[in-house]
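To keep things clear, I will list the structure first and then write my remarks on it.
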Amino acid sequence: MEALTLSLVKAVPALGAAPLWAVSLLLMVASGVVVLVFALTFEGVGSLVLRKVAGDIQARIGPNRVGPNGILQFLADGVKLVLKEDIVPAKADALLFKLAPYLVFVGSFAAFVVVPFGVGLSAADLNIGIYYVMAVTSLVVIGVLLAGWASNNKWALLGGMRAAAQIVSYEIPVGMALIPAVLIAGSLSLQDIVRSQGGLFGLFGWNLFHNPFTFFSFFLYFTAAQAETNQTPFDLPEAESELVSGYNVEYSGIRFGLFFLAEFGDMFIVAALATACFLGGWNVPFIRAEALPGIWGSLLSLGVFLGKAFAMVLVMMWVRWTLPRLRVDQLMRMSWKYLVPLTFVNLLGVSLWLLVFDGKGIPELIASLAG
Amino acid sequence: MGLREYMNDILEAVVTTAKGMRITARYGVDPKEEVTLQYPEERWEVPERFRGFLHNDVKKCTACTMCVKVCPVDCISLESVRGADKKMVLASYDINIGRCMYCGLCVEVCPPKSLTHTGGYEKASTDRGELILHFIEEDAAEVKARVARQVAEAAAKAAEAAKAAEAAKAAEAPEAADPSSEAGKAAGGDPKPAKEEPKE
């Protein structure tokens, strides 16, 4: 941030008169606004795309009334959500009830801050990036549990409990599956992790193809993350058929909308982390985006990163409309009996690989053999 | 659970997921047919024997009240008067389609086949009153008054004709007073012709 501030001051001499902290603050607010606008846009458009994809897969049409081919549907939905009556149940704990959706939304939105959108393009390049994401998305558990508890409704409470149990259980495999990327890069910063995957090998420089264990790690991460964000094969907290939509039954209007937005935000975060940690982030095969002159490097890397992330989001939706919902015991068994041991084995495998082959991946080994 | 079983479980999960995703991908990329019916513009083609809303062709209806009697939920009601030609005239014919259960008994039992099911099925309303179909536009009392007037006119005409005939007969050959008394009785009975209501 400081370097950015200094470079901005250098670029615009008029800012030199203002104190450094003011320029810094201005930059922070600006980047926050940009990220917020991006998050909201993605969440809106994401909800539309989700329904269109669902329509195609289920041989339906999907929204097609508002605007050409229905592309303005999410705006109409947003307006509807804002205008709807805001109901707080009479016997609910009003303060906690009102607080919960904000916690959930903040938990999901705050993770956007460290997403490495491109070369140097992230609101904050924290040196504890992945750790920060894991910590901040845990806020969602508190929000969800709070929503269930404060609604004073048995179904909401059950839904909240289930959501909390699920998110907490799946946080372990998610974390464990991300650690291989951290090991290979030797850094927790997402920018560093992305940078570690560049190089001469193009596609094969990505962590996904670094060694067999990282390959499996990616799929384990993707499965666990899908569950952590309550995506459909694992959407037990919502289970509308048994739980009348779970922890958010009592919510209406924009409060419900915040839960909804948070869910789509989580989807993007999951896809972005998968991209950054396994799919080479903003790296373009055989092009060094950092070396491009001026703004082009940033733009190219931004486009590539978003492309990869959106493709991952599409895959998530695809999975979502393919698999049927798991039962509670199946869900827990999947996490504790399969994903957790497998991610540990993978972590061990990656560590051993790095130890034995001196940190080299398969492409490097082949190259050294050939050379 | 042995290790082999454990590994088999994982393999099965991966394989079945891949299979499922292949199928959904095929649909996602190439949705062969849309099952969606774009309702207000496109409509479902109603089968021939569909039991939609009831319709009564009041021109054919004989006000026999069979439909009223057979209806299990009492959703049909009618009022009628006896007309000048001794036939029943409908004063009102209402069907409460909010109550109707589309059993079709009334249609089966209708002697002149004037009651039929249509293909109609859209009549959502926020007011239950709108769910009562009135097949006779006019007010029942008006119809009754009109029919009564017609009957009275017809009776008066008949009486006049009878008187004229009697006079002619009398002019020809004055005989017994029997036919005149008959005509007089008919004329006298006419002012309240058909107040009977077969509805009950």
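Work out which residues of the range A:53-83 lose at minimum 20 square angstrom of accessible surface when the other protein chains are put back, relative to the chain isolated, with a 1.4 angstrom probe, and list them by number.
Going by heavy-atom accessible area, the residues of the range A:53-83 that drop by at least 20 Å² are A:Asp56, A:Ile57, A:Ala59, A:Arg60, A:Ile61, A:Arg65.
With springs connecting C-alpha atoms under 10 Å apart, model chain A as a Gaussian network and identify which of A:Val315, A:Val34, A:Val194 has the largest mean-square fluctuation.
Evaluated over chain A, the most mobile residue of the options is A:Val34.
Provide the per-residue ³J(HN,Hα) series for the range A:164-181, in order, calculated from phi with Karplus coefficients 6.51, -1.76, 1.60 and θ = phi - 60°, each as a whole number of Hz, with x at glycine and proline positions.
In residue order, the calculated couplings are 4, 4, 5, 5, 5, 4, 7, 5, 5, x, 4, x, 5, 6, 7, 4, x, 4 Hz.
In whole Å and largest first, what semi-axes does the C-alpha gyration tensor of chain B yield when each eigenvalue is scaled by 5 and square-rooted? If you can, show how the numbers build up before the last one.
Details: eigenvalues 1017, 51, 41 Å².
So the equivalent ellipsoid measures 71, 16, 14 Å along its semi-axes.
Given a Förster distance of 30 angstrom, what is the FRET efficiency for A:Tyr131 paired with B:Ala13, based on the Cβ-Cβ distance and rounded to 0.05? Provide the component values of the computation, followed by the final result.
On the way: r = 30 Å, r/R0 = 1.00.
For R0 = 30 Å, the calculated efficiency reads 0.50.
Averaged over peptide B:16-22, how many Cβ atoms belonging to another chain are found within 10 Å of each residue's Cβ?
On the way: counts 1, 6, 1, 1, 6, 6, 1.
For peptide B:16-22, the averaged partner shielding equals 3.
Quick one: accessible area per residue over the range B:29-77, 1.4 Å probe, rounded to a whole number of Å²? Display every interim value, and only then the final one.
On the way: 3640 Å² over 49 residues.
Normalised by residue count, the accessible surface of the range B:29-77 is 74 Å².
List the residues, sorted by chain then number, that are 5 or more residues from B:Ala91 or on another chain and whose placed amide H is less than 5 Å from its amide H.
Here B:Glu79, B:Ser80, B:Val81 satisfy the definition.
Given a 10 angstrom Cα cut-off, can you work out which residue in B:Ala140, B:Ala170, B:Ala84 is the most mobile in a GNM of chain B?
B:Ala170
Rounded to the nearest Å, what's the spacing between the alpha carbon centres of the range A:313-370 and the range A:141-204? Just the number, please.
Centre-to-centre (Cα) distance: 14 Å.
With a 1.4 Å probe on protein heavy atoms only, work out how much accessible surface B and A bury together, total over both chains, in Å² to the nearest 100.
On the way: alone 14870 and 17830 Å², together 31140 Å².
The summed interface area works out to 1600 Å².
Expressed as a whole percentage, what fraction of the accessible surface of chain A belongs to carbon and sulfur atoms when a 1.4 Å probe is rolled over the protein heavy atoms? Kindly include the intermediate steps, with their values, before the conclusion.
Working: 12560 of 17030 Å².
Of the solvent-accessible surface of chain A, carbon and sulfur hold 74 percent.
Can you list the residues, at least 5 places off or on another chain, whose amide H is less than 5 Å from the amide H of A:Ile287, using H built in the peptide plane?
Those lying under 5 Å, H to H, from A:Ile287: there are none.
Give me the orientation-averaged projected area of the Cα convex hull of the protein assembly as shown, in nm², one decimal. Write down the numbers at each step before the final one.
Values: hull surface 175.9 nm².
The Cα convex hull of the protein assembly as shown, projected and averaged over all directions, gives 44.0 nm².
Each label point is 7 Å from the Cα along the Cα-to-Cβ direction; what then is the distance between the points at B:Glu138 and A:Arg333, in nm?
Taking the simple label geometry, B:Glu138 and A:Arg333 are separated by 7.7 nm.
Which residue, B:Thr36, B:Thr62, B:Thr118, has the most motion in a Gaussian network model of chain B that connects Cα atoms within less than 10 Å?
Maximum fluctuation in the GNM of chain B, among the listed residues, is at B:Thr36.
In square nanometres, what is the average projected area of the Cα convex hull of the range A:126-188?
Values: hull surface 17.0 nm².
Projected over every direction and averaged, the Cα hull of the range A:126-188 covers 4.3 nm².
In square angstrom, rounded to the nearest 10, how much accessible surface does B:Glu79 have for a 1.4 Å probe?
We get 50 Å² for B:Glu79.
Roughly how many Å² is the accessible area per residue of the range A:136-202, as a whole number, for a 1.4 Å probe? Intermediate results must be reported in sequence, preceding the final value.
Values: 2470 Å² over 67 residues.
Normalised by residue count, the accessible surface of the range A:136-202 is 37 Å².
Mind checking the mean number of beta-carbon atoms from other chains within 10 Å of the Cβ atoms in A:329-338? Can you show the working numbers first?
Working: counts 0, 0, 0, 0, 1, 2, 0, 0, 3, 4.
Counting Cβ atoms of other protein chains within 10 Å of each residue's Cβ and averaging gives 1.
What length, rounded to one decimal in nm, is gained on full extension from A:Ser351 through to A:Ile295, with 0.36 nm per residue of separation minus their alpha-carbon distance?
Working: separation 56, 0.36 × 56 = 20.16 nm, distance 3.77 nm.
Between A:Ser351 and A:Ile295, full extension yields an extra 16.4 nm.
The values are calculated or read from the model by the stated rules, or taken from the named source; none is laboratory data. Since this is a predicted model, take the numbers as computed values, not measurements. Every residue, glycine as well, gets a Cβ built from its backbone with ideal geometry; the counts of neighbours run over all protein chains shown. When the accessible area is computed, the model is the full protein with side chains, heavy atoms only, and any ligands, DNA or RNA have been set aside. Shrake-Rupley method; radii C 1.70, N 1.55, O 1.52, S 1.80 Å.
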